[in-house]
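The values are calculated or read from the model by the stated rules, or taken from the named source; none is laboratory data. Because the structure is predicted, anything quoted here is derived from the model rather than measured. Here Cβ is always computed from backbone atoms with ideal geometry, including for glycine, and neighbour counts include all displayed protein chains.
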Amino acid sequence: MKLKLSLIHAIEQWLNNIVKRPALAVTMAILWLVVIGWLGYGWNLGNVGLIDETEPLFAEASRQMLVTGDWITPYFNGETRFDKPALIYWCQAIAYAVVGVNEWAVRLPSALAAVGVMALVFYTVQWALQPQSKSDSSASLTYPYVTAAVAAAVTGLNPEMIIWGRTGVSDMLLTGCIASSLLCFFRGYAESETGNRGTEEIKPRSRFSLPNQWYLACYVLIAGGILTKGPVGIVLPGLIIGAFLLYVGQFWAVVREMRLLFGLAMIFVLSVPWYVLVIWRNGWNYINSFFGYHNLERFTEVVNGHSAPWYFYFLIVLLLFAPYSVYLPVAMVRLKFWQRSQWRTQARSQQLGLFAFIWFITIFSFFTIAVTKLPSYVLPLMPAAAILVSLLWGDFFSNSELNSHQQAKAYPLWFLLVSSWINVVFLSVLSVALFHLPHLIGQDPAAPNFQQSLQNAGLAAMGGWIWLLFAVIFAVLTLRRHWQSIVGMQLLGFAAFLIIVLMPALFLMDQERQLPLRNLSAAVVQFQQPKEEIIMVGFKKPSVVFYSHKPMKFIKLTKDATEYIKDIANKSNIPPSMLLLTEKRNFFKMDLQPETYENLAIKGAYQLTRINFKKMKPKKLEIS
């Protein structure tokens, strides 16, 4: 124990020396954020092909914007795409113009949004935990910085954030806008009370003055959220901020302080013009598709078969916020959020934990009520979860000489012990599941050899050994009550798993699932003749459209494709040939006559065939 305290004291002394030198502290903070950001979102970002089916839809619509110069209406494969508003397409198209049309550019907006949220979490937590006055000599100098570093790392290094931060779709950009707007709101809210930190005076403000710069940033980011995914961009921040202000009893005071009417006008001016233009061009087609189908119906009905039980998001948070998720209950109990009278008397900057709690609960409840459920919907609550967990672990860095019971005085020590042992059990179960993963996952027709390749590479077994090792480490640390070490080992364990298992597995999946489609796209470019139509039958892989830059007709059923080919063959003025993309296993279901087709290429599970209409006898073409 003496050796442990001596080591902790030495580390704390070293950190104190850094904190006392502001330039060095800023440099170390930036270096920490760069390392975490690069590991989570920069490393091999563009070295993996686009993943079907959603990512190439965004990528190609953005490419079409750049090629055609139409920055109002998104198009994919010659058809309007009204799923999402324009901001994600604009960002990707600008990235194309800067770094070229490639995977890096497709994912760059998501990666930057994730890193931006992580950096703002660090900045907000560090600022909020600073001593309220310079005379507070009992406060640890390192506590705000270490807690902020943990918050940023937990924000950046969790499965949910990494999955969507490395994917070129709108979800991470929406999370960046929502989370950043909420963090800016809190900073503006806290700063409006304290004025300059270290003083008790409130800045006098004219009745007609503008809100402070943090509130202005909040409004701009909410407008960005509306331009990223529609009404949810203002509904979620509005619900969270409103619930928080009602709870602390400052609703009307802060509404006046924020100059809310001015803010709403600002949001309107920034976000509405694009909607006006796209509706002017497309009319009710856009209104019914976007506002009706993709917003109202997704909340009230099951869309695209994305239904799930009421406990769906409990499982999503448990698995995709692992390995930190088991500590969320104790992190919430630590707040004593039910003691409203105490929270109402706290200084505003000290209400960060409560704000993160309401942020988490509001988003979790909102999407639990929604009928359509997807794992990505709860992505915006991940920064709040990271703040809650970091504040829990920050207790153990506030004063290293306190014993464990004093450090956990805000909650029963047994609650922390139970959470730690649940963590050990959870990681043990995870390790066992990884050992058997090749036998647990179903076979993907698009990657029939993936299971065997995964087993041959030994990646699942390595993942199992990693988490089994860390389960043992966490058990030892729990027995010895080394609470300060657990969070560091969690981050180390996840980083090791990401480097040793997840990234190689991603390359393996790309090789088995997506590389054949990229090769197929190259074959299409090589073999297509002028004015030759391309049809894709039995599967829909938008990545082929993106990589080939060719329009294609998607036909789901082989019998419908056979009928389509028959109709063309019966026309008087027919083209000489057509290119047919199918899965090998489905090709012979079309019952084409051997003399009427020529196999051009076989790539993985897919086949490229040319249909020769000149050799085709319509009467022999049967519908299977």
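Considering only the stretch 438-485, state which residues are under 21 Å from S428 (Cα atoms), outside any helix (DSSP H, G or I) and of a type in the set (G, A, S). Listed by number, the list holds a single entry, G458. If the condition is being more than 19 Å from the chain's Cα centre (by Cα) and crowded, with 16+ Cβ neighbours inside 10 Å, then the stretch 338-369 contributes W343, R348, S349, Q351, L352, G353, L354, F355, F357, I358.
Under the condition of being closer than 21 Å to W164 by Cα, of a type in the set (A, V, I, L, M) and touching a residue at least 60 places away in the same chain (Cβ under 8 Å), the residues counted in the stretch 55-104 number 5.
Would you point out which residue out of A253, A243 is at pLDDT below 95 and either surrounded by fewer than 21 Cβ atoms within 10 Å (Cβ to Cβ) or on the phi > 0 side of the Ramachandran plot (or both)? Walk me through how you get there before you give the answer.
Working: A243 fails: at pLDDT below 95.
One residue alone meets the criteria, A253.
When restricted to residues that are under 20 Å from N449 (Cα atoms), free of Cβ contacts under 8 Å to residues at least 40 places away in the same chain and out of contact with any Leu (no Cβ under 9 Å at 6 or more places or on another chain), the stretch 574-614 contains 1.
Residues in the stretch 244-262 that are in contact (Cβ under 8 Å) with a residue 24 or more places away in the chain and within 16 Å of Y219 (Cβ to Cβ): V254, E257, M258, R259, F262.
Here are A223, A149: which of them is part of a helix (DSSP H, G or I) and either at pLDDT 95 or above or not assigned by TED's automatic domain parsing to the domain that holds V115 (or both)? Please lay out each step first, then the result.
Numbers: A149 fails: either at pLDDT 95 or above or not assigned by TED's automatic domain parsing to the domain that holds V115 (or both).
Only one candidate qualifies: A223.
At pLDDT below 95 and within 20 Å of I287 (Cα to Cα): does that describe V248?
Details: at pLDDT below 95: yes; within 20 Å of I287 (Cα to Cα): no.
Against the criterion (at pLDDT below 95 and within 20 Å of I287 (Cα to Cα)), V248 does not qualify.
To keep it simple, each residue is scored yes or no on (1) more than 21 Å from F58 (Cβ to Cβ); (2) within 36 Å of the chain's Cα centre (by Cα); (3) not assigned by TED's automatic domain parsing to the domain that holds K615.
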position: K531; (1), (2), (3): yes, no, no
position: V537; (1), (2), (3): yes, yes, no
position: K541; (1), (2), (3): no, yes, no
position: F546; (1), (2), (3): no, yes, no
position: D560; (1), (2), (3): yes, no, no
position: K566; (1), (2), (3): yes, no, no
position: S577; (1), (2), (3): yes, no, no
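Scan the stretch 554-597 for residues that are among the small types (G, A, S) and in contact with a Phe, Trp or Tyr (Cβ under 8 Å, 6 or more places away or on another chain) and report the count.
Just the residues of the stretch 554-597 that are among the small types (G, A, S), to begin with: 561, 569, 572, 577.
Then keep just the ones that are in contact with a Phe, Trp or Tyr (Cβ under 8 Å, 6 or more places away or on another chain); that gives 569, 577.
Summing the residues that are among the small types (G, A, S) and in contact with a Phe, Trp or Tyr (Cβ under 8 Å, 6 or more places away or on another chain) in the stretch 554-597 gives 2.
Residues that are buried (at least 20 other Cβ atoms within 10 Å of the Cβ) and at pLDDT below 90 within the stretch 421-453 comprise just one, A447. Would you mind listing the helices (runs of 4 or more DSSP H) fully within the stretch 514-624 where at least 1 residues are under 30 Å from A105 (Cβ atoms) and hydrophobic (A, V, I, L, M, F, W, C)? Helices (runs of 4 or more DSSP H) meeting the threshold: 515-527, 542-548.
If the requirement is being in contact (Cβ under 8 Å) with a residue 60 or more places away in the chain and either under 24 Å from N47 (Cβ atoms) or of a type in the set (A, V, I, L, M) (or both), which of these qualifies: N449, N423? Talk me through it step by step, then tell me what you get.
Working: N423 fails: either under 24 Å from N47 (Cβ atoms) or of a type in the set (A, V, I, L, M) (or both).
From the options N449, N423, the qualifying one is N449.
Taken residue by residue, the stretch 605-621 has no member that is modelled with pLDDT of 85 or more and either assigned by TED's automatic domain parsing to the domain that holds I51 or exposed (fewer than 13 other Cβ atoms within 10 Å of the Cβ) (or both). Among the residues of the stretch 63-79, are any of a type in the set (K, R), buried (at least 21 other Cβ atoms within 10 Å of the Cβ) and modelled with pLDDT of 95 or more? Looking for residues that are of a type in the set (K, R), buried (at least 21 other Cβ atoms within 10 Å of the Cβ) and modelled with pLDDT of 95 or more, one finds at least one in the stretch 63-79, hence yes.
Taking residues in the stretch 27-54 that are among the aromatic types (F, W, Y), and partners anywhere that are part of a helix (DSSP H, G or I), the pairs with Cβ atoms closer than 6 Å and at least 6 places apart or on different chains are W32/A149; Y41/A111; Y41/A114; Y41/V115; Y41/G165. Say we look at the stretch 71-88 and pick out the residues that are in contact with a Lys or Arg (Cβ under 9 Å, 6 or more places away or on another chain) and of a type outside the set (S, T, N, Q); which of these is nearest to A114 (Cα to Cα)? Ranking the candidates gives I88 first. Looking only at residues of the stretch 307-333 that are surrounded by 14 or more Cβ atoms within 10 Å (Cβ to Cβ) and not in a helix (DSSP H, G or I), we find that the one that is modelled with the lowest pLDDT is A308.
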